[in-house]
Structure formats: C-alpha cells, structure tokens
Amino acid sequence: MKLLLDTHTLLWWLDDNPKLSAEAREAIGNSENEVYISAVTAWEIIIKKRLGKLRAPARLDREITAHRFEPLSITLAHALALDRLPDHHEDPFDRMLIVQAMVEGLMLVTRDINIRKYPVAVIEA
C-alpha cells in the first residue's frame, strides 16, 4: 500500500500517541508499505508550531527520514486539481492532501470525517 499521512496522524505516530488506531499503526509500521509525508504537512506543522498551537519535533526532517517516510512535493498537477475539488472541506492544508492522495493514488490516513466526503481511499487514524 501507498499511504499519505495527515498532519495529526504523523504527529500521533511520532509521539506514539494512543489515539492512533491499531489499523493505522499497523499500516504505517508495515515495512512493505510506502509512507509519504507531504510538504503541505511540514508547512502546516511549522505554521501552527510558530503560533503555539501544537508541539512538534525540532528537526521534523530528521524524524521523517528516521521513520523511513518519503517526502511528497506539491506539484503543479496537485495545485490544478484543487480547481475540480468540491468545497466539502474548508481547510487548505487538508484540501491539498486530498488532491495529492487522489492524483498519486495514495490512501490517506486520517481521522478527519470531512475527508470521507471525497472520492479518496482512507484508513481511519
């Protein structure tokens, strides 16, 4: 499987948070699966960290590498796909994750119920 982690999912994984579902924990930890972290996730973490809205590792890049996660850049194709995305979800970070999952054929690992309104494969975080 190819997985894309939502921001809260990544943070829960890194923190070994018990909120993370057993299904998500197993899928992320399975070395046969490819796990991607979007640039939009790092962007959201940095913004919210600076605003004091969340705690995150000081060296997120090192954590991503240490956990064998693959970076996923934001491309023009991703940005253009936003134009075709219905307005079920207002959060711009989540909207980009949704189109990235759709364009790249990834399963999005998230607890966000609004994401289920889109035609994207989801694993419950």
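Values quoted throughout were computed directly from the atomic coordinates according to the rules given, and no laboratory measurement underlies them. Keep in mind that this is a model prediction, so the values were computed, not measured. For neighbour counting, all protein chains shown are included, and Cβ atoms are generated from backbone atoms with ideal geometry for every residue, glycine included.
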Enumerate by residue number the chymotrypsin sites (Phe, Trp or Tyr not before Pro) in the stretch 38-125 meeting two conditions: DSSP loop (anything except H, G, I, E, B), and at most 11 other Cβ atoms within 10 Å of the site's Cβ.
none
Per residue of the stretch 29-40, in order, report the coupling 6.51 cos²θ - 1.76 cosθ + 1.60 (Karplus, θ = phi - 60°) as ³J(HN,Hα) in whole Hz, putting x for Gly and Pro.
x, 6, 5, 7, 8, 9, 10, 10, 10, 6, 4, 5
To the nearest whole percent, what portion of all C-alpha pairs in the stretch 1-91 is separated by more than 15 angstrom?
65
Under 8 Å for C-alpha pairs, at least 6 residues apart: give me the relative contact order for the chain, rounded to a whole percent.
34
Among residues other than ALA39 whose Cβ falls under 12 Å from its Cβ, what is the net charge (Lys/Arg +1, Asp/Glu -1)?
-3
Amide H of LEU4 versus every other amide H placed in the peptide plane: which residues, excluding those fewer than 5 positions away on the same chain, fall under 5 Å?
TYR36, MET107, LEU108, VAL109
When the helix-only estimate is applied to the chain (DSSP H runs of n ≥ 4, each -39,500 (n - 2.57), divided by the residue count), what is the mean residue ellipticity at 222 nm, nearest 500 deg cm²/dmol?
-12500 deg cm²/dmol
For TRP43 and LYS2, FRET efficiency with R0 = 22 Å and r from the beta-carbon atoms, rounded to 0.05?
0.55
Of the listed pairs LYS49/LYS117; LYS19/LYS117; LYS2/LYS53, which have alpha-carbon separations greater than 26 Å here?
LYS49/LYS117; LYS2/LYS53
Under the Karplus relation with 6.51, -1.76 and 1.60 and θ = phi - 60°, whole-Hz ³J(HN,Hα) for the stretch 113-125, x at Gly and Pro, equal 5, 5, 5, 5, 6, 10, x, 10, 5, 10, 10, 5, 6
Net charge around GLU124, counting only other residues with Cβ within less than 13 Å of its Cβ (Lys, Arg = +1; Asp, Glu = -1)?
0
As an exercise, identify the GluC sites (Glu not before Pro) in the stretch 42-125 lying in DSSP coil whose Cβ has no more than 13 other Cβ atoms within 10 Å.
GLU90
To the nearest 20 debye, what charge dipole does the chain have about its Cα centre, counting +1 at the Cβ of each Lys and Arg and -1 at the Cβ of each Asp and Glu?
400
Short version: ³J(HN,Hα) in whole Hz for each residue of the stretch 79-88, in order, from phi by Karplus 6.51 cos²θ - 1.76 cosθ + 1.60 (θ = phi - 60°), x for Gly and Pro, what are they?
4, 5, 5, 4, 5, 9, 8, x, 8, 6
